[in-house]
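Undergrad: Dumping the structure here so I can ask a few things about it.
The values are calculated or read from the model by the stated rules, or taken from the named source; none is laboratory data. Keep in mind that what you see is a predicted model, and the values were worked out from it rather than measured. Please note: Cβ atoms are built from the backbone with ideal geometry, for glycine as well, and neighbour counts cover all protein chains shown. What goes into the accessible areas is simple: the full protein's heavy atoms, side chains included, and nothing from ligands, DNA or RNA. Shrake-Rupley method; radii C 1.70, N 1.55, O 1.52, S 1.80 Å.
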Amino acid sequence: MNKPASLRAAIEGAIPALAENPERLTVFIDRGSIAATGAKGLSFEYRYVCHLLLLEFAGDSDELFLTILEWVRANQPDLLLNPDERPHGITYETDILDNEMTDVSIKLQLTESVVVKVNDDGSRTIEHVDDSKHPDAITWTGQPWTN
């Protein structure tokens with residue numbers, strides 16, 4: 001699975017305090033499943049909840065969630081484009097520790113498609129589909145959204 005590491009890197013890049021204390025960000029995979037059919041091909045899809053746990057966070061929550069939304073726009077756009085996915089696609093809980101720090105738990109419903117091809121010699125080629133190249137992906141311009 002590639003998306004958890006990619007999401008972690010995006011958050012670490014946006015939250016400078018994590019460079020000094022990377023152990024404050026933990027990434028888990030919850031409720032994982034494999035979607036495959038009985039078809040002749042071996043391709044399948046990972047389906048899972050990517051669970052981020054950010055401990056003793058004293059940064060700007062707007063910056064944190066904007067970073068996550070930017071990442072989602074490029075890597076899992078159906079969480080934004082599909083009205084059925086919006087209510088549960090990105091969820092969070094916060095434990096307020098004091099006036100400056102919180103523990104933040106964020107969960108994203110992610111999928112990763114894996115294309116498996118059997119070569120003429122019987123070997124397999126395994127390729128993870130890059131959703132940022134999908135036609136539904138939304139390209140982030142780096143400019144803030146305005147009404």
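Undergrad: Residues in region 74-92: is at least one modelled with pLDDT of 95 or more and either open to solvent by 60 Å² or more (accessible area, probe 1.4 Å) or basic (Lys, Arg) (or both)?
TA: Yes, that holds for at least one residue.
Undergrad: Ok, one more. Any residue in region 114-134 that's closer than 16 Å to Glu45 by Cβ and open to solvent by less than 90 Å² (accessible area, probe 1.4 Å): show its pairings with residues that are small (Gly, Ala, Ser) and part of a strand (DSSP E or B) at Cβ separation under 6 Å, as long as the two are six or more apart or on different chains.
TA: Going by the 6 Å Cβ cut-off, the qualifying pairs are Val129/Ser113.
Undergrad: Quick one: how many residues across region 48-73 are touching a Leu at 6+ places or on another chain (Cβ under 6 Å) and either under 19 Å from Glu23 (Cα atoms) or of a type in the set (S, T, N, Q) (or both)?
TA: Number of matching residues: 2.
Undergrad: Can you name the residue in region 104-130 that is of a type in the set (S, T, N, Q) and closer than 30 Å to Ile68 by Cα and, of all such residues, is modelled with the lowest pLDDT?
TA: In this case the residue turns out to be Ser113.
Undergrad: Looking only at region 66-89, count every residue that is farther than 20 Å from Thr26 by Cα, touching a residue at least 60 places away in the same chain (Cβ under 8 Å) and assigned to a helix (DSSP H, G or I) and tell me the total.
TA: 2
Undergrad: May I ask you to list the residues in region 1-28 that are under 18 Å from Ile90 (Cβ atoms), in contact with a strand residue (DSSP E or B) (Cβ under 7 Å, 6 or more places away or on another chain) and open to solvent by less than 70 Å² (accessible area, probe 1.4 Å)?
TA: Lys3, Pro4, Leu7, Arg8, Ile11, Leu25, Thr26, Val27
Undergrad: Considering only region 33-42, I want to know if a residue exists there that is among the basic types (Lys, Arg), open to solvent by 80 Å² or more (accessible area, probe 1.4 Å) and part of a strand (DSSP E or B).
TA: no
Undergrad: Something else: Could you grab the pairs with beta carbons closer than 6 Å, sequence gap of 6+ or different chains, first residue in region 47-65 and over 13 Å from Leu25 (Cα atoms) and touching a residue at least 60 places away in the same chain (Cβ under 8 Å), second one in a strand (DSSP E or B) and of a type in the set (Asp, Glu)?
TA: Val49/Asp30
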